[in-house]
Amino acid sequence: MKLTDIIFNLHMHFKVVHSLPGRVRLHVPVAKKVPKEWRFGSEYFDYAKMIPGVVNFDFNYVTCNALIEYDAKLTNEKKVITDMKSIAYLANEHKNAFKDFESDDKDKIVTYFSGLVKSHFSGEEVTNAK
């Protein structure tokens with residue numbers, strides 16, 4: 001499985017495990033297939049904080065769970081899930097661009113993808129994201 005396929009799959013397949021106002025826990029079963037050398041650190045997931053209202057995002061590869069904390073005054077679980085799915089579709093739309101990266105270009109991938117997400121939520125066009 002290619003790194004680009006793993007990135008896409010991580011974003012496409014998840015289910016809500018638990019939810020309270022202000023936080024939602026998602027299970028991402030495909031994460032167990034990510035080889036250790038391809039696992040991204042917490043800085044990769046900073047893009048999720050670009051979702052309006054999201055204040056924290058933690059991912060645990062052992063449990064394959066993501067914990068998303070959000071300001072319940074600004075957004076809600078349904079909107080956060082919708083925005084996470086929109087990020088998945090964004091990854092899919094740009095999956096050919098990810099093919100230009102080598103598997104050891106994690107920093108470049110993070111920068112590129114974060115730029116795409118920022119552009120998506122801000123409406124600003126990101127130039128020269130690569």
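Odds and ends about this structure:
- For the stretch 67-110, the set of GluC sites (Glu not before Pro) satisfying both a DSSP loop assignment and a count of at most 12 other C-beta atoms within 10 Å is given as Glu102.
- Sorted peptide list for 24-36, 106-118, criterion being average Cβ within 10 angstrom, highest first: 106-118, 24-36
- Pair Lys32, Thr63: separation of 7 Å Cα→Cβ label points (nm): 1.5
- About the centre of its Cα atoms, the stretch 53-130 shows a dipole size close to 220 debye [charges on the beta carbon of Lys, Arg (+1) and Asp, Glu (-1) only; nearest 20 debye].
- Stretched out straight at 0.36 nm per residue, the stretch from Lys73 to Lys99 would grow longer than its current Cα-Cα span by 5.5 nm.
FYI, it's all coordinate maths here, none of it is from the lab. Since the model is a prediction, treat every value here as computed from it, not as a measurement. So basically every Cβ, Gly included, is an ideal-geometry build from the backbone, and we count neighbours across all protein chains shown.
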